[in-house]
Structures are given as structure tokens and as C-alpha cells.
1. Please enumerate the residues belonging to region 75-98 that are assigned to a loop (DSSP other than H, G, I, E, B) and either small (Gly, Ala, Ser) or without any contact (Cβ under 8 Å) to a residue 12 or more places away in the chain (or both).
2. Identify all residues within region 85-101 that are open to solvent by less than 70 Å² (accessible area, probe 1.4 Å) and either of a type in the set (D, E, K, R) or farther than 20 Å from residue 205 by Cβ (or both); write none if there are none.
3. Mind listing whichever residues of region 57-74 are in contact (Cβ under 8 Å) with a residue 60 or more places away in the chain and surrounded by fewer than 17 Cβ atoms within 10 Å (Cβ to Cβ)?
4. Can you spot a residue in region 88-106 that is more than 10 Å from ligand 1 (Cβ to nearest atom), modelled with pLDDT under 95, closer than 18 Å to residue 38 by Cβ and not β-branched (Val, Ile, Thr)?
5. Give region 43-62 a look and list any residue that's small (Gly, Ala, Ser) and part of a helix (DSSP H, G or I), or say none.
6. Give me a count of the residues in region 162-188 that are under 30 Å from residue 93 (Cβ atoms), hydrophobic (A, V, I, L, M, F, W, C) and surrounded by 21 or more Cβ atoms within 10 Å (Cβ to Cβ).
7. How many residues are open to solvent by 70 Å² or more (accessible area, probe 1.4 Å) and in contact (Cβ under 8 Å) with a residue 40 or more places away in the chain if we restrict to region 189-205?
Amino acid sequence: METQRLIVDNNVDSEKSYAQAVDLLNAGELVAFPTETVYGLGAVATNDSAVKKIYAAKGRPSDNPLIVHIGTFEELEKYVNDIPDNARKCMDAFWPGPLTMIFKVKPNVLATSVTAGLDTVGIRMPEHPVALKLLKMLGKPVAAPSANRSGKPSPTEGIHVEQDLAGKIPLILDGGATGVGVESTVIDLTLETPVILRPGAITKEMFEKVIGPVKQPTHIEQKAGAPRAPGMKYTHYAPNAPVYLIERDQQQISQAIETVHQQGQKVALLAPQSLEHLTTPDWFFTLGESKEEMAANLFHALRACDLTEADIVLATVTSTDGVGSAIMNRLEKSAGGKWYARDYQK
Ligand code: TXA
Ligand code: MG
């Protein structure tokens with residue numbers, strides 16, 4: 001199959017591209033599109049054979065459910081049984097936006113492979129103009145995981161989708177780089193005290209202003225308990241070379257690079273821009289300075305490592321306030337929990 005990547009922005013006449021995307025989706029095919037978090041790989045969420053193509057194209061385990069994207073508030077009650085008060089408050093505060101909420105699913109409406117056998121479904125209304133326009137033109141719910149091969153960093157540019165899925169899907173709508181850069185926050189509001197299943201740009205602090213106390217289990221706590229967001233148990237965000245976490249400390253980084261070089265190995269460094277000229281890795285990829293920049297740059301930088309001959313990747317960490325917990329959640333997964341200072345074998 002040939003994969004077309006069509007630029008959709010205000011400078012080109014995009015109507016034909018949207019129409020083509022809608023026709024493909026209606027015909028049970030897959031279309032990748034930008035959201036404000038990462039690119040999604042969409043299929044009509046009521047069409048089971050279309051949704052199955054998502055799992056095949058991504059190489060995704062079939063027990064990992066998909067998020068359903070909607071373009072209007074009214075649609076929600078078609079797919080879920082009960083909309084708790086807390087959910088209404090979060091919808092008012094954060095939709096459209098980078099938030100997925102877990103609801104009790106209405107039986108026999110959505111394709112069974114969307115929910116992977118669970119009695120709940122994750123739903124979100126994205127804020128990206130391309131995603132919203134596509135959803136509104138289609139008038140149907142769209143099941144869409146991140147548009148990467150399973151295990152790889154999520155795509156934040158149209159070209160990332162092409163690298164992973166060329167030949168496997170007919171169309172990528174390319175709306176440029178996504179803004180947020182890490183996937184939506186997933187929160188389960190069906191529980192007595194709401195639980196954040198995946199941290200994202202909508203933070204614990206932001207929820208608590210709207211609905212009171214919420215729980216955010218740490219990475220370790222999530223590993224120990226039964227995984228409630230099934231996707232969280234799989235290897236994620238991993239470049240080909242092993243990733244080690246390292247403090248944002250120039251001296252420690254310089255020593256680490258020296259040690260790796262003494263082993264005859266090459267190193268890629270992911271760090272704030274300010275460290276580029278103070279260190280001597282073989283490849284440097286910027287994470288920017290602020291947490292927002294770090295979130296936006298992270299997946300691009302992890303993917304860029306696969307275009308180098310680096311034997312190891314060093315990635316600098318950040319504190320877990322604000323969007324920092326989402327960044328650290330992704331970084332810890334991409335490193336498989338390895339820290340340079342503790343785990344690198346000299
Ligand atoms: O930002 C995003 O959320 C992007 C864009 C495309 O919208 N999508 C995305 O989808 O990240 P995906 O499939 O890569 O991640 C979905 C996560 C997985 O960890 C999955 O296990 C969890 O949400 N999830 C989906 N449905 C669930 C459910 N019913 N209960 C618990 N977790 C669920
Ligand atoms: Mg994903």
C-alpha cells in the first residue's frame with residue numbers, strides 16, 4: 001500500500017485532503033492525524049474490522065484498549081452509561097484538550113476491539129484544529145492510539161508517522177509539529193477517589209482545583225499493582241540503543257561521557273540547550289529549557305537517536321512538578337528505569 005502524506009494548514013487548500021480522509025475512514029481504512037498531544041492513528045470506532053487494522057498496523061497487543069475521540073459534547077452520552085458530576089466538571093474545564101476520561105461503556109455501540117474486553121472506555125475531545133475539523137466532518141467517533149509502531153516513541157511530527165507506518169496505512173494528514181508533545185492525561189473517574197492512570201499536560205494540581213483530591217500513583221506503585229491502564233505495562237518509548245537517566249549536572253554528564261568513550265562507545269546526549277556547548281557527546285539533541293519545551297521536544301529527541309550510531313543514550317531528568325511528572329513517566333519507561341550512576345557497567 002502506498003502511503004500519502006498531505007500537508008493540511010491554512011496556507012494550502014486542504015478541503016480535498018479532509019474529504020479524502022473522511023472517505024477513507026468511512027470505507028473502513030486508517031488515517032493518521034495530528035492532535036495537540038501526539039499524532040493519532042484513527043479508525044471509525046464503531047467499525048470492528050477497521051479498528052482491528054489499527055492493532056495490526058502498530059503491532060499492538062490486543063489487550064491494550066484504544067482511546068475514542070469525539071468532536072462534540074453531545075456525542076458522549078451515546079457511548080457511555082453514566083456521566084459522573086466530576087466528569088462534567090472536568091469536561092467544562094479541560095475539553096477540548098489533552099485529557100482522556102474513563103467511563104462505564106454503553107454495551108454494543110462501540111466496536112468490541114476498542115475496549116479490549118473491558119467494561120470501560122477512555123474518551124477524549126482533542127483541541128487540535130485538524131483533529132476537530134476531521135471529527136466534525138466525519139460525524140462519527142474515532143478510535144485512535146498514538147500513530148507509532150508499538151514500543152517506539154509517540155510521533156510528534158507527520159514524518160515520524162511516515163517513518164513508522166509507511167506502506168501500512170493509506171493517508172497521513174500532516175499538520176506540522178504537535179504542541180504538547182506527550183500523550184493526554186488519562187484519569188479514571190469511575191472510582192471513589194479519581195486516579196490518574198497516565199500523567200500528562202493536565203496535572204494533578206489542575207484537577208484538584210476543579211474536583212478536589214485525586215490520586216497519582218508513582219511509577220513504582222503502578223508496577224506493583226495490577227495495571228489499570230493496560231498500556232502502561234508494555235515497553236515504551238524505546239530507541240534502539242539503551243537509555244540511561246542522568247542528573248542535569250554538567251560535571252556528572254562530562255564524566256559519564258568520558259567513561260563511555262573510554263569503553264570505545266559512542267553516546268547521544270538529550271539535555272537542555274544550555275549544555276550543548278559545555279559537553280562533548282557524539283550527538284546532542286536538545287530538550288529545551290522549560291518543562292513545556294522538554295515535553296514538546298522529548299519524543300523527537302528519542303527518535304533522533306535511532307538515526308545515529310550511538311551505543312548508549314544519556315537523558316537528563318527533571319523534577320516532577322507540573323508537566324514534569326508526565327515527562328519523567330515517559331523518560332523512566334524509555335530507560336526501563338536505568339540510571340547511569342547506578343546501572344551503567346563500566
Ligand atoms: O494523547 C493521546 O491520548 C493520544 C492521542 C492520539 O489522542 N493517544 C494515545 O493513545 O496516547 P494510546 O493508545 O497510545 O494510549 C492509550 C492509553 C493506554 O495506556 C491504554 O491502556 C489506556 O490509555 N486506556 C485506554 N482505554 C482504557 C480503559 N478503558 N481503561 C484504562 N486505561 C485505558
Ligand atoms: Mg501510545
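1. Passing the criteria: only 97.
2. Matches in region 85-101: 96 only.
3. 59, 61, 63, 72
4. Looking for residues that are more than 10 Å from ligand 1 (Cβ to nearest atom), modelled with pLDDT under 95, closer than 18 Å to residue 38 by Cβ and not β-branched (Val, Ile, Thr), one finds none in region 88-106, hence no.
5. The answer is 49, 50, 56, 57.
6. Count: 5.
7. Total meeting the criteria: 1.
Listed here are the residues, each with its yes/no results for (1) under 22 Å from residue 326 (Cβ atoms); (2) modelled with pLDDT of 95 or more.
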position: 236; (1), (2): yes, no
position: 241; (1), (2): no, yes
position: 249; (1), (2): no, yes
position: 252; (1), (2): no, yes
position: 258; (1), (2): no, yes
position: 262; (1), (2): no, yes
position: 267; (1), (2): no, yes
position: 270; (1), (2): yes, yes
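The values are calculated or read from the model by the stated rules, or taken from the named source; none is laboratory data. Note that the structure is predicted; figures quoted are calculated from it, not measured. Every residue, glycine among them, receives a Cβ derived from its backbone with ideal geometry; neighbour counts consider all protein chains shown. With ligands, DNA and RNA removed, areas are computed over all heavy atoms of the protein, side chains included. Shrake-Rupley method; radii C 1.70, N 1.55, O 1.52, S 1.80 Å.
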